[in-house]
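Just below is one structure, and these are the notes that go with it.
Each value in this text was obtained by applying a stated rule to the coordinates, not by laboratory testing. The shown structure was predicted, so the numbers you read here are calculated from the model rather than taken from an experiment. Methodologically, a virtual Cβ is constructed for each residue, glycine included, from the backbone with ideal geometry; neighbour enumeration extends over all protein chains shown.
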Amino acid sequence: MNRARLGIFGAVIAATAVLAVLGYVSLRQWQASAELLFREQARDMATMAAEKVEMAILKTEEECLSNLQILLMDPALRAESLDAWSRKNPLFDRVSLMDRRGRVLYPPGGADAYSSLLLEIPQGLWERGGRRHLLVGDQVVLAAVILGPSGAPVLAALGRSEEAVKRLVLAKTLGGLEGPSVLVVLDRADNQVYPSRPVDRAQRVLTVAFGEALPTWRVALYQPDGVSPVSGVRREAMLFTAAFALLLVVIALGLGATYRVVRRESEMARLKSDFVANVSHDLKTPLSLIRMFGETLELGRAPDEATRREYYAVITRESERLTRLIDNVLDFSRIEGGRQRYDIAPHPVESLVHDVMEAFRYPLAQRGFKVDVVVAPDLPDVPMDPAAVKQALGNLVDNAIKYSGERRRLAVSARAEGDWVAIEVGDEGIGIPAVEVERIFEKFYRIGRSETQGSRGSGVGLALVKHIAEAHGGRVGVESRPGEGSRFTLYLPVARGD
Ligand code: ADP
């Protein structure tokens, strides 16, 4: 793979990574700002509700107090008119009037729990009048200094009834709330005082404090599970993330596939150029031998008849080798172009094996091969294109010669195996590593190792053998151990099944 391609791949990967990071960051930002916006809206809503409640309470208190003031202006004030006032103002369930020295003016006849409040009323309030909210236990008490019947200041302590607040204020202000949100008024211990609607499985989003009129209570805003905008945003963010992840996976797969195609293509290009170099080299060797021996004969330099015969034999053998090589290349190109045809007709196996061995007699003898040929008797005729099968067998024998080291033994046999005839070529040569066994049948594939460097080849020999076997409805098998030898077997069906 060259640098330019690696650069392109790197650029795509970098762009994808940048896209992924940007996508992630903007998704997070979008989610964060959507959540923030939602919280702000929720806070506004809760604050407005709290203000509304507070204002309603203050207004009611104001009205009660001014009515009370009117009553107290009457010098002939009687307890009954205060009782009547109290009944008309149910917001307060406990009312007490005291003068500055702690004398209880109302209710008639007694000391009062609110007398402790006297201590909390500052001097200024007695002098100028005014009001404030104080806590007695858990109860909010409105303490107001107003003018009494005699013109002297009186402390009116009005204990607020929780029940009345719920009924008269909360139900009226919060009851009509629309939309999915639920507003709940909580007390100091987080107990629900009043929910605008049953909370069920809603989630609390936030709480807001009331003002001075309701010092211990708070308003909480709840959102039902799943419908809250926050969970909607989360769902959408998750959907986006998933879609984005899918996109990244698709990009990664695409890159992987492209990378493989490109790698295969550059490997193919390399193999093809090796093929051209190897074929040229293979053509050159026999040609120069033919030329050399031809010239020697032409110039009459061969001393005797035996030498001349030997030279003729070399020329014949080398031209046979050339023919085989050219046949291989031509057949291969016909196969690649889809133009190869086989003329298939029943043919005896024995004569075919012997023809091939005859063609290799000289090179085998010259290299000192010990050859065993065993053809089982009574083999049936096999439907085949004899020229093609000879070529396949020739390629196997040729390889056995090329890839044998010091132990030069060749065992060729033909036997019947069920519905098949198996023609086997065994050598004790360099063998084939297990990992390469699958690949040697690929076109142009040659095992690049030091033992085979010396013997060049086109790399299409076994591809042709495989193609020929399959065209006959058969197959090639191989068993091999590095350093011990290889056994190639051509299986041809006795009856053609197609
Ligand atoms: P080549 O022209 O290189 O012989 P082939 O397709 O005939 O091409 O063989 C592919 C490769 O398989 C060879 O390069 C060689 O490494 C290996 N091979 C084939 N036959 C044998 C064998 N009998 N022993 C060891 N290796 C072999």
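Less than 10 Å Cβ to Cβ from Ser480, Lys/Arg counted +1 and Asp/Glu -1: what total charge do the surrounding residues give?
Overall, the nearby charge balance is -2.
Among Gln69, Thr16, Leu271, whose Cα sits farthest toward the positive end of the charge dipole of the chain (+1 at Cβ of Lys/Arg, -1 at Cβ of Asp/Glu, about the Cα centre)?
Positive-most Cα among the choices belongs to Gln69.
Using alpha carbons only, how many angstrom separate the centre of region 392-434 from the centre of region 324-365?
Using only Cα atoms, the two centres lie 15 Å from each other.
Please work out how much length the chain gains when fully extended from Val371 to Glu40, using 0.36 nm per residue of separation minus the C-alpha to C-alpha distance, in nm with one decimal.
109.6 nm
Let's see if you can work this out: charge +1 on each Lys and Arg Cβ, -1 on each Asp and Glu Cβ, no other charges. What is the dipole magnitude of the chain about its Cα centre, in debye to the nearest 20?
1120 debye
For Phe441, Phe92, what's the fewest-to-most ordering of other Cβ within 10 Å of each Cβ?
The most exposed by this proxy come first: Phe441, Phe92.
The chain: D in µm²/s via Stokes-Einstein (Kirkwood Rh, Cα pairs, 25 °C, 0.890 mPa s)?
Stokes-Einstein gives a translational diffusion coefficient of 73 µm²/s.
Provide the net charge surrounding Phe92, with neighbours chosen by a C-beta distance below 10 Å and charges set as Lys +1, Arg +1, Asp -1, Glu -1.
Around Phe92, the charge tally is 0.
Between region 270-320 and region 114-148, how far is it from one alpha carbon centroid to the other, in angstrom?
Using only Cα atoms to place each centre, the spacing works out to 129 Å.
Just tell me the longest site-free run in the chain, where the sites are trypsin sites (Lys or Arg not before Pro) in a DSSP loop having at most 16 other beta-carbon atoms within 10 Å.
202-300
Over what distance in Å are the Cα centres of region 166-234 and region 462-480 separated?
82 Å
List every residue whose amide H lies under 5 Å from the amide H of Val375, counting only residues 5 or more places away in sequence or on a different chain, with H placed 1.01 Å from N in the peptide plane.
Long-range HN contacts for Val375: Ala414.
Give me the net charge for the shell around Gln29: Cβ to Cβ below 15 angstrom, other residues only, Lys and Arg +1, Asp and Glu -1.
Local charge sum for Gln29: 0.
Tell me whether region 3-164 comes out rounded, prolate or oblate; compute the Cα gyration tensor, take square roots of the eigenvalues as a ≥ b ≥ c, and use a/c under 1.5 as the rounded threshold.
Since a/c reaches 1.5 and a/b is larger than b/c, the shape of region 3-164 is classed as prolate.
Got a sec? How would Val21, Val476 order by Cβ neighbour count within 10 Å, fewest to most?
Ordered from fewest to most neighbouring Cβ atoms within 10 Å, Val21, Val476 come out as Val21, Val476.
Taking θ as phi - 60°, what are the ³J(HN,Hα) couplings along region 85-93 by the Karplus curve (6.51, -1.76, 1.60), each to the nearest whole Hz, with x for Gly and Pro?
Calculated HN-Hα couplings, in order: 4, 4, 5, 6, 10, x, 4, 10, 9 Hz.
In sequence order, what are the phi-derived ³J(HN,Hα) couplings for region 304-321 according to the Karplus relation 6.51 cos²θ - 1.76 cosθ + 1.60 with θ = phi - 60°, rounded to whole Hz, with x for glycine and proline?
Ordered by residue, 3J(HN,Hα) equals 9, 4, 4, 5, 4, 4, 4, 5, 4, 4, 4, 4, 4, 4, 5, 6, 5, 5 Hz.
Taking a temperature of 20 °C and a viscosity of 1.002 mPa s, what whole-number D in µm²/s does Stokes-Einstein yield for region 122-256 with Rh from Kirkwood over alpha carbon pairs?
Using the Kirkwood radius from Cα pairs, D works out to 112 µm²/s.
Computed FRET efficiency, Cβ-Cβ of Arg3 and Arg407, R0 41 Å: what is it to the nearest 0.05?
It comes to 0.35.
At a Förster radius of 41 Å, what calculated FRET efficiency corresponds to the Cβ-Cβ distance of Glu62 and Arg204, to the nearest 0.05?
The formula returns an efficiency of 0.80 here.
Excluding same-chain residues fewer than 8 positions from Lys172, which lysines have a Cα within less than 16 Å of its Cα?
Lys52, Lys59
With the dipole of region 136-210 worked out from charges on the C-beta (+1 for Lys and Arg, -1 for Asp and Glu) around the Cα centre, which of Leu155, Gln192, Val169 lies farthest toward the positive end?
Val169
Report the gain in length on full extension from Met73 to Gln139: 0.36 nm times residue separation, minus Cα-Cα distance, nm rounded to one decimal.
20.9 nm
Express the relative contact order of the chain as a whole percentage, based on alpha carbon pairs under 8 Å and six or more residues apart in sequence.
Result for the chain is 10 percent.
Just to be sure I understand the model, the point goes 7 Å from the Cα along the line to the Cβ. What's the resulting Ala20 to Glu265 distance in nm?
2.6 nm
As a footprinting exposure proxy, order Val465, Val314, Val437 by other Cβ within 10 Å, with the fewest listed first.
Val437, Val314, Val465
Would you list which lysines come within 20 Å of Lys466, measuring only between C-alpha atoms, while excluding same-chain residues fewer than 8 positions from it?
Lys272, Lys390, Lys402, Lys443
Would you grab the residues whose amide H sits under 5 Å from the one on Val205? Only those 5+ places off in sequence or on another chain, please, with H modelled 1.01 Å from N.
Amide H neighbours of Val205: Leu221, Tyr222, Gln223.
With θ set to phi - 60° and the Karplus curve 6.51 cos²θ - 1.76 cosθ + 1.60, what are the ³J(HN,Hα) couplings of region 387-396 in order, to the nearest whole Hz, using x for Gly and Pro?
Result, ordered by residue: 4, 5, 5, 4, 5, 4, 4, x, 5, 5 Hz.
Check Tyr106: other-chain or 5+ apart residues with amide H under 5 Å from its amide H, H built from backbone geometry?
Leu97
Label Ile13 and Leu246 with points 7 Å out from Cα along Cα→Cβ: what is the distance between them in nm?
2.6 nm
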